[in-house]
Amino acid sequence: MELGSILQFLDNKTILVTGATGYLAKIFVEKILRVQPNVKKFYLLLRAADANSATERLRDEVIGKDLFRVLREKHGAGLHSFISEKVTPVPGDISHEDLGVKDSSLKDEMWREIDVMLNFAATTNFDERYDVALDINTLGALHVLNFAKKCVKIKMLVHVSTGKARLFGWPNTYVFTKAMGEMLLVNFKDSLPLVIIRPTMVASTYKEPFPGWIEGVRTIDSIIVGYGKGRVTCFISGPRSTLDVIPADMVVNAIIVAMVARAKQHSEIIYHLGSSFRNPVNFSNLHDFSFRYFSEHPWINKEGDSVNIGKGIVLSSMPKFYTYMAIRFLLPLKALQLFNTLLFKKYQDLYTVLDRRVKLVMRLVDLYKPYVFFEG
C-alpha cells in the first residue's frame, strides 16, 4: 500500500484512542503525529478522576516519554502548542458506560467529531483476577462498541486483541477474557465497520521512531533480563518451538494499513500480526543472541560489578524441568526446612524467602508453558 494513500486517509481525521498510556497506544499516537501532522484531533482516554489529572497523565506518561524525542526535535519550542491543538486528554474508564466520560459537553463533542476509534485498553496480566479482567477486557470492549455506535461520523472501530488461542480453551485469564471481548464485538457490531487486530508477542521498536524503545519488562523481556542478571540459569523450550515475536512499530504500521484497507473494502475484519510464518525466531536464536550480547555487554549490578553469565541449561520438556527443579532447589529447600525445625526456626526468614522464590518460579513456568512449547 502506498504511503500517499495512508497519509491521505489520516488527513483531517478525528481519532479516539483508549488505553492511551499503554505501550502500543503511545507508539501509535506518536507515529500519527509525526508522519501526518494534519490529523485533525486525538481524543486520548486516560483513567483519571478529572481533567487536571488526565492532563498530568498525558504530560508525564505519554508526551513526556523518550519515545516522543524525535517529535520534540522536529517541533522544538512549538511542541507544546502543537500538542495542545491536536491532543485532548479525556478522563474516563472503559469499564463504565459511555467510557466513564462525565463531561456531557465533551461527550457530545466527541460523538459529533470522531471518525475512527481504536481500543488499546486492556489488562495484560496473565493471572489477573477474573472480575478485573472481565470489566476491562470483555465488558470494556462492549462499552467501547456502544460508544462508537453513538458517533455520527464513525468510519470504523479498531480493536487490538491478542493471537494464538489453544486448540481447546485458553491458557490464561488474559487471552480468555480478550477472546470473550471479541465475541461481544462481532455479535453486537451491527453495521459498524470493525477491525480486530491480533498481534503475537510484542517486542521493542525495530526502526521507528528509533530502534530499541521499550517500556517496562514485557513477556519475553523478563527472561532476557533475568538471564543477563545471572538469575536465570536454565531455559525451557520445545525443540520445535517458535517464539512469535514482532516489533512494536511493525504492529503499529500494520494497524494503520489495516485501517486504510478496511475503509476500502468490507470483507476481512480480523488481522493476525506475527513473525513465525515469514521470519520465525526459535528459542535457540534467542538463547544465542542473549548469550552473545551479555558476554560482550555484561550487566552492571548495584555494586558496580560486571555480571558474568554462562550458556545455561536448556530443558526440552516439562518433566526435565521438574526433575531439574527437584534436584537443584526443592530437595535442598526440604533439607533447609528440616534443619530449621531442628534449630527452633533459626533460619525461618531464609526459608520463607527461598520458598517464596521457588513457588514464584513454578507459577511463572505454569503461566508461560503454553508459549514456550508453542509449535504453531
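The values are calculated or read from the model by the stated rules, or taken from the named source; none is laboratory data. For clarity, every value in this text was computed on a predicted model and none was experimentally measured. For neighbour counting, all protein chains shown are included, and Cβ atoms are generated from backbone atoms with ideal geometry for every residue, glycine included. To get the accessible areas, we keep the full protein, side chains included, count just its heavy atoms, and leave off ligands, DNA and RNA. Shrake-Rupley method; radii C 1.70, N 1.55, O 1.52, S 1.80 Å.
Between Phe188 and Arg231, the modelled label-to-label distance comes to 4.1 nm, taking each label 7 Å out from Cα in the direction of the beta carbon. Straight-line cross-link reach from Lys345 at under 28 Å between alpha-carbon atoms covers these lysines, not counting any fewer than eight positions away in the same chain: Lys334, Lys359. Other residues whose C-beta falls under 12 angstrom from the C-beta of Gly100 contribute a net charge of -3, scoring Lys and Arg +1 and Asp and Glu -1.
Assuming R0 = 22 Å, can you tell me the calculated FRET efficiency for the pair Gln8 and Arg278, based on Cβ-Cβ distance, to the nearest 0.05? Show your work: numbers first, answer last.
Details: r = 28 Å, r/R0 = 1.27.
After rounding to 0.05, the efficiency reads 0.20.
Using a probe of 1.4 Å on the protein chains alone, the accessible area found for Arg72 is around 80 Å².
Annotation: amide H of Val158 within the under-5 Å range of Met117, Leu118, Asn119, Val195, sequence separation 5 or more or interchain, hydrogens built in the peptide plane. Largest first, the residues Met362, Met156 sort by 1.4 Å accessible area into Met362, Met156.
Taking 0.36 nm per residue of separation and subtracting the current Cα-Cα distance, fully stretching the chain between Ser81 and Tyr322 would add 80.9 nm. Between the helical axis of 219-228 and the longest alpha-carbon principal axis of the chain there is an angle of about 40 degrees.
Of Asp103, Asp93, Asp244, the order by accessible heavy-atom surface (1.4 Å probe, DNA, RNA and ligands excluded), from most exposed downward, is Asp103, Asp93, Asp244.
Per residue, the convex hull spanned by the Cα atoms of segment 187-264 measures out at 163 cubic angstrom. Normalised by the number of residues in segment 36-109, the average gap of Cα pairs under 8 Å and 6 or more apart makes the relative contact order 43 percent. Of the beta bridges in the chain, as assigned by DSSP with both residues counted there, near 10 percent are antiparallel. Just the protein heavy atoms count here, and of the accessible area of the chain at 1.4 Å, carbon and sulfur take up 57 percent. Semi-axes of the equivalent ellipsoid for segment 7-157, computed as √(5λ) from the eigenvalues of its C-alpha gyration tensor and ordered from largest down, come to 24, 18, 14 Å. Rolling a 1.4 Å probe over the heavy atoms of the protein chains gives the chain an accessible area of 52 Å² per residue. Between Leu106 and Met362, the contour length at 0.36 nm per residue exceeds the alpha carbon distance by 87.3 nm. Per residue, the average separation of C-alpha pairs within less than 8 Å and at least 6 apart gives segment 258-328 a relative contact order of 15 percent. Return the aspartates and glutamates within reach of Lys65: Cα separation strictly under 15 angstrom, same-chain partners fewer than 8 residues apart disregarded; answer none if there are no such residues. List returned: Glu30, Glu56, Glu73, Glu208, Glu215. Pairs with C-alpha atoms separated by more than 28 Å, drawn from the list Lys74/Lys189; Lys229/Lys346; Lys40/Lys178; Lys41/Lys207, are Lys74/Lys189; Lys229/Lys346; Lys40/Lys178. With N counted as the residues of segment 40-89, its alpha-carbon radius of gyration over 2.2 N^0.38 Å works out to 1.13. If R0 is 56 Å, what FRET efficiency do you get for Arg292 and His96 from their C-beta distance, rounded to 0.05? Calculated transfer efficiency: 0.70.
Less than 5 angstrom separates the built amide H of Asn282 from those of Leu243, all sequence-distant by 5 or more or on a different chain.
With axes computed from alpha carbons, what is the tilt in degrees of helix 348-372 against the longest principal axis of the chain, rounded to the nearest 10 within 0 to 90? The angle comes out at about 50 degrees. Each helix, a run of at least 4 DSSP H residues, gives -39500 (n - 2.57); summed and divided by the residues of the chain, these come to -14000 deg cm²/dmol at 222 nm. So if I take the alpha carbon set of segment 124-205, get Rg, then get Rh from the Kirkwood formula, what is the Rg over Rh ratio? Dividing the radius of gyration by the Kirkwood radius yields 0.99. Extension gain, Leu342 to Ala49, is 100.0 nm, computed as 0.36 nm per intervening residue step minus the present C-alpha separation. Measuring nothing but how far apart in sequence close Cα pairs (under 8 Å, 6+ apart) lie, relative to its length, segment 74-155 scores a relative contact order of 37 percent.
Find the centroid of the Cα atoms in segment 1-60 and in segment 111-145, then give the distance between the two in whole Å. Distance between centres, Cα-based: 17 Å. A straight Cα-to-Cα reach below 18 Å connects Lys164 with the aspartates and glutamates Asp127, Glu182, Asp244, Asp366, Glu375, residues fewer than 8 places away in its own chain not being considered. Treating r as the C-beta distance of Lys149 and Val217 and R0 as 30 Å, the FRET efficiency rounds to 0.20.
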